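A.B. asks: Shown below is the structure under consideration.
The values are calculated or read from the model by the stated rules, or taken from the named source; none is laboratory data. Owing to the predicted nature of the structure, the values given are computational and were not obtained by experimental measurement. Cβ placement follows ideal geometry from the backbone for every residue including glycine, while neighbour counts extend to all protein chains displayed. What goes into the accessible areas is simple: the full protein's heavy atoms, side chains included, and nothing from ligands, DNA or RNA. Shrake-Rupley method; radii C 1.70, N 1.55, O 1.52, S 1.80 Å.
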Amino acid sequence: MNTELLGKVALVTGASSGIGASVARALAARGANVAVAARRRDRLEQLAAEIEADGGTAMVVELDVTDEATCRAAVDQCVRRWGSLDLLVNNAGVMLLGPIKGADTDDWRRMINTDVLGLMYMTHAALPHLLNSRGTLVQVSSVDGRLAGPLTGVYNASKSAVNAFSESLRQEVTTRGVRVVVIEPGATTTELASHITHSPTREAVEQFAAALRPLAPEDVAAALVFAVTQPAQVAVNEILLRSVDQQR
C-alpha cells in the first residue's frame, strides 16, 4: 500500500460503480479511510469488502444526493467515525441526453437535482469540516461543461454550472487552505449512457463510444489522485482529460 494519504479521511459520492468506485479504491490504496456513498447499498458493501481485503479501510454510507438532509447525515456519519473530513469527491451524477424539442423534462429535473443541487448540498455540508482540516474538494465535471453540442444541452448546462460554482468557491476558500479541484473527463466507460431514456440518443452515444478508445474509470481516478497528492501549497484546480481518439 502506498501511504501518500495515510490517515486522511475521504468521502466519495456515486461510489457504487464506474469512476466513483475506482476513485475509492485508488484513495484507499494510498492509505485514506474512505467512506463510499451511493444509493445501491449492495454494491457499496461489495466495494468496501474488496477495499478491506486489499488492506484498506472503508465504510458504507447510503446516500441520495438530491436529499439535502441525507447529504448532511452522510458527512456527519463520516466525521463521527473518523473524527474529521479531509477530502470530498463529488462524483454522483446522471447524463440523460436527448433533443431539447419534445424532451421529457423529468430528465432535466433529475440532472439538475443530482448533478448540480446534489453537488452543492454535499459541498455545503462538508465545507466547515474541509475548512477545519484545510482539506480538498474534488468536483467531477465533464468536458461537456466546456463544450456545448446538440443532444447535450441540459447536461452541458449542468456541468457548466458545476464549473462556475466551483470556481466561485475556490476564490472564497483558497486563502483559507482549502483546495478546489475540477476533473473534466471526456468519453469514459461507465454506466451513464445506459441510463439515457431517449433511445435514438442512447444508440448514438453507444456508436460514438464504440468508434474510439474511451477512458477507463481508472484513468480518471489516476488524474484525481495526482491532484490531491500534491504538496499543500500546490493547487491543481482543473484537469481536462480525453481519449486521444476524441476530437471534441
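A.B. asks: Would you confirm whether any residue within region 2-9 is surrounded by fewer than 24 Cβ atoms within 10 Å (Cβ to Cβ), closer than 22 Å to GLU184 by Cβ and touching a Gly at 6+ places or on another chain (Cβ under 9 Å)?
C.D. replies: No, that holds for no residue.
A.B. asks: What number of residues within region 168-181 satisfy the criterion of being in contact (Cβ under 8 Å) with a residue 12 or more places away in the chain and open to solvent by 10 Å² or more (accessible area, probe 1.4 Å)?
C.D. replies: Of the residues in region 168-181, 6 are in contact (Cβ under 8 Å) with a residue 12 or more places away in the chain and open to solvent by 10 Å² or more (accessible area, probe 1.4 Å).
A.B. asks: Taking the options ILE100, ILE19, ILE51, name whichever one is more than 24 Å from ALA222 (Cα to Cα) and among the hydrophobic types (A, V, I, L, M, F, W, C).
C.D. replies: Just a single option satisfies the conditions, and that option is ILE100.
A.B. asks: Here is a further query. Just one of GLY149, GLY186, GLY153 is surrounded by 18 or more Cβ atoms within 10 Å (Cβ to Cβ) and either at pLDDT 95 or above or over 19 Å from VAL228 (Cα atoms) (or both); which is it?
C.D. replies: Exactly one of GLY149, GLY186, GLY153 is surrounded by 18 or more Cβ atoms within 10 Å (Cβ to Cβ) and either at pLDDT 95 or above or over 19 Å from VAL228 (Cα atoms) (or both), namely GLY186.
A.B. asks: With the requirement that a residue be open to solvent by 50 Å² or more (accessible area, probe 1.4 Å), farther than 24 Å from LEU88 by Cβ and either in contact with a His (Cβ under 6 Å, 6 or more places away or on another chain) or not polar (S, T, N, Q) (or both), what does region 189-201 give you?
C.D. replies: Listed by number, the residues that qualify are HIS198, PRO200.
A.B. asks: Right, here's the next one. What's the number of the condition ALA227 fails, among (1) surrounded by fewer than 17 Cβ atoms within 10 Å (Cβ to Cβ); (2) within 23 Å of ARG30 (Cα to Cα); (3) of a type in the set (A, V, I, L, M)?
C.D. replies: (1)
A.B. asks: Quick check on my filter: what residues within region 196-242 are more than 20 Å from GLN139 (Cβ to Cβ) and outside any loop (DSSP other than H, G, I, E, B)?
C.D. replies: SER199, PRO200, THR201, ARG202, GLU203, ALA204, VAL205, GLU206, GLN207, PHE208, ALA209, ALA210
A.B. asks: Could you look through region 81-109, keep only residues that are among the basic types (Lys, Arg) and free of Cβ contacts under 8 Å to residues at least 24 places away in the same chain, and pick out the one that is farthest from HIS198 (Cα to Cα)?
C.D. replies: ARG109
A.B. asks: So, of the residues in region 29-44 that are touching a residue at least 40 places away in the same chain (Cβ under 8 Å) and over 8 Å from GLU62 (Cα atoms), which turns out to be most open to solvent (accessible area, probe 1.4 Å)?
C.D. replies: Among residues in region 29-44 that are touching a residue at least 40 places away in the same chain (Cβ under 8 Å) and over 8 Å from GLU62 (Cα atoms), the one most open to solvent (accessible area, probe 1.4 Å) is ARG30.
A.B. asks: Within region 190-215, track down each residue that is in contact (Cβ under 8 Å) with a residue 40 or more places away in the chain and within 18 Å of the chain's Cα centre (by Cα).
C.D. replies: Passing the criteria: THR190, GLU191, LEU192, ALA193, HIS195.
A.B. asks: Also: How many of the residues making up region 230-248 are closer than 22 Å to LEU96 by Cβ and loosely packed, with under 13 Cβ neighbours inside 10 Å?
C.D. replies: Total meeting the criteria: 1.
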